[in-house]
Amino acid sequence: SSPVLTARAGSMHGYDVVDPTTVNPELGGESGFRGLVATAHEAGLGLIVDIVPNHMAVGSTDNPWWTDLLRYGISSRYANFFDVDWESSDPDLRGKVLAPFLGRPYGEALDAGEIRLTQNPAGEPVIRYFDSEFPIDPATLDGPGGLHGLLERQHYRLAWWGAAGDEINWRRFFDINGLAALRIEDPAVFEATHATLFRLYSDGLIDGFRVDHVDGLSDPPGYCRRLRQRLDELAPDRRAYLVIEKILGAGESLPLDWGVDGTSGYDFMNEVSAVQHDATSADCLGRLWHD
């Protein structure tokens, strides 16, 4: 299956997880998941789930960990969950997080009234930019300077999305501003992001895992070995099927000491694709591709 943890509302793929502690309510929540597994078991089937250890979706208040990070900065309990450079060489970002989620430069958006101080449904003051919300540190509400002054006192700096290429001080998934990388090599982050998956595995609901984008991690083999160890500890009487999304180059073999059962098969799919192409059409396809 695609990732089953709670993703951004309306997600059609599940790779933009915003809450790894719950099963996505849009997929039926945990009760729906348990019903799916029960039906699969009745048909003699098991379940392998896709997991996303590299990143989470950010950019609004639907991710509670990221929201807490923006609200409290380095004091947040999640300050070290995301790969943020808190000691940026840019004095305007020292101790702050760049928030490159505006459609145009900050000054223009502010002058146009697109950035507003408002309240969320719980009655808490928030910064709203169209459909996006940003939290406010309660300790900063009494101070001079109007809306701009309030924003200057936050633990983040709103910016145009295009500024990220030169100014961003946290690691993304490739160059996607809406996906922030996790420090999964930290044992606390590893356990927090995997707790629900481990519980479901311990309950016998999951038979295996497909790890997304393993090469995005700082230590792919270390992660795989730790994951295998934890799965073995949780259910010593069975062995989880564990594969990783890893693109192997020509002549490259998957190391045998990672504790995994193989890759998700891109190299095999390439060979199958080659079989399905008529070699006599190579010139025709080459011209078409060139054009």
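The values are calculated or read from the model by the stated rules, or taken from the named source; none is laboratory data. Since we're looking at a predicted model, the values are computed, not measured. Cβ placement follows ideal geometry from the backbone for every residue including glycine, while neighbour counts extend to all protein chains displayed. Just so you know, the surface numbers come from the protein's heavy atoms only, side chains and all, with ligands and any DNA or RNA stripped out. Shrake-Rupley method; radii C 1.70, N 1.55, O 1.52, S 1.80 Å.
Using a 1.4 Å probe, what is the accessible area per residue for the chain, in Å²?
Value for the chain: 52 Å² per residue.
Let me check I've understood the local charge: for Ser31, count other residues with C-beta under 15 angstrom from its C-beta, Lys and Arg +1, Asp and Glu -1. What total comes out?
So the environment of Ser31 carries a net charge of -1.
Given charges of +1 on the Cβ of Lys and Arg and -1 on the Cβ of Asp and Glu, with all other atoms neutral, how large is the dipole of the chain about its Cα centre, in debye to the nearest 20?
For this selection, approximately 520 debye.
What dipole magnitude, in Debye to the nearest 20, does region 166-291 give about its Cα centre under +1 on Lys/Arg Cβ and -1 on Asp/Glu Cβ?
For this selection, approximately 400 debye.
Using r as the Cβ-Cβ distance of Asp215 and Ile48, and R0 as 22 Å, what FRET efficiency do you calculate, to the nearest 0.05?
After rounding to 0.05, the efficiency reads 0.65.
Each residue of region 95-109 in turn: what ³J(HN,Hα) in whole Hz from Karplus with 6.51, -1.76, 1.60 and θ = phi - 60°, glycine and Pro shown as x?
Residue by residue, region 95-109 yields x, 10, 10, 5, 10, x, 10, 8, x, 8, x, 3, x, 5, 5 Hz.
Which one of Thr22, Thr67, Thr118 has the biggest mean-square fluctuation once the chain is modelled by GNM with Cα springs under 10 Å?
Result: Thr118 has the largest fluctuation of those listed.
What are the extents of the Cα atoms of the chain along their three principal axes, in Å, largest first?
Computed over the chain, the largest-to-smallest principal extents equal 67, 55, 34 Å.
Counting only helical runs of four or more DSSP H residues, what would the 222 nm mean residue ellipticity of the chain come to if each run contributes -39,500 (n - 2.57) and the total is spread over all its residues?
The per-residue figure over the chain is -9000 deg cm²/dmol.
If ligands, DNA and RNA are left out, what is the accessible area of Arg287 with a 1.4 Å probe, given in Å² to the nearest 10?
Here the residue's solvent-accessible area equals roughly 140 Å².
Grab the Cα-Cα distance for Ala250 and Leu147, subtract it from 0.36 nm times how many residues apart they are, and report the gain in nm with one decimal.
Extra length from Ala250 to Leu147 when fully extended: 31.5 nm.
Spelling out what I want: for every residue of region 61-66, take phi, set θ = phi - 60°, compute 6.51 cos²θ - 1.76 cosθ + 1.60 (Karplus), and round to whole Hz; glycine and proline get x.
8, 7, 9, x, 5, 5
Roughly how many debye, to the nearest 20, is the charge dipole of region 44-124 about its Cα centre, given +1 on each Lys and Arg Cβ, -1 on each Asp and Glu Cβ, and no other charges?
The dipole of region 44-124 has a size of about 180 debye.
Name the residue from Leu27, Gly44, Ser60 whose Cα lies farthest towards the positive end of the charge dipole of region 1-91, charges +1 on Cβ of Lys and Arg and -1 on Cβ of Asp and Glu.
Gly44
Return the single residue from Ala279, Ala163, Ala235 with maximal mean-square fluctuation; model: Gaussian network over the chain, springs between Cα atoms under 10 Å.
Highest fluctuation among the options: Ala279.
Compute for region 118-203: radius of gyration divided by Kirkwood radius, i.e. Rg/Rh, restricted to C-alpha atoms, rounded to two decimals.
Using Cα coordinates only, the ratio equals 1.08.
What do the square roots of 5 times the Cα gyration tensor eigenvalues come to for region 1-136, in whole Å, largest first, as semi-axes of the equivalent ellipsoid?
One finds semi-axes of 35, 18, 13 Å for region 1-136.
Over the chain, what is the percentage of antiparallel beta bridges among all DSSP beta bridges, to the nearest 5?
60
If you add up the charges near Ile136, with Lys and Arg at +1 and Asp and Glu at -1, over every other residue whose beta carbon is less than 13 angstrom from its beta carbon, what do you get?
Combined, the nearby Lys, Arg, Asp and Glu give -2.
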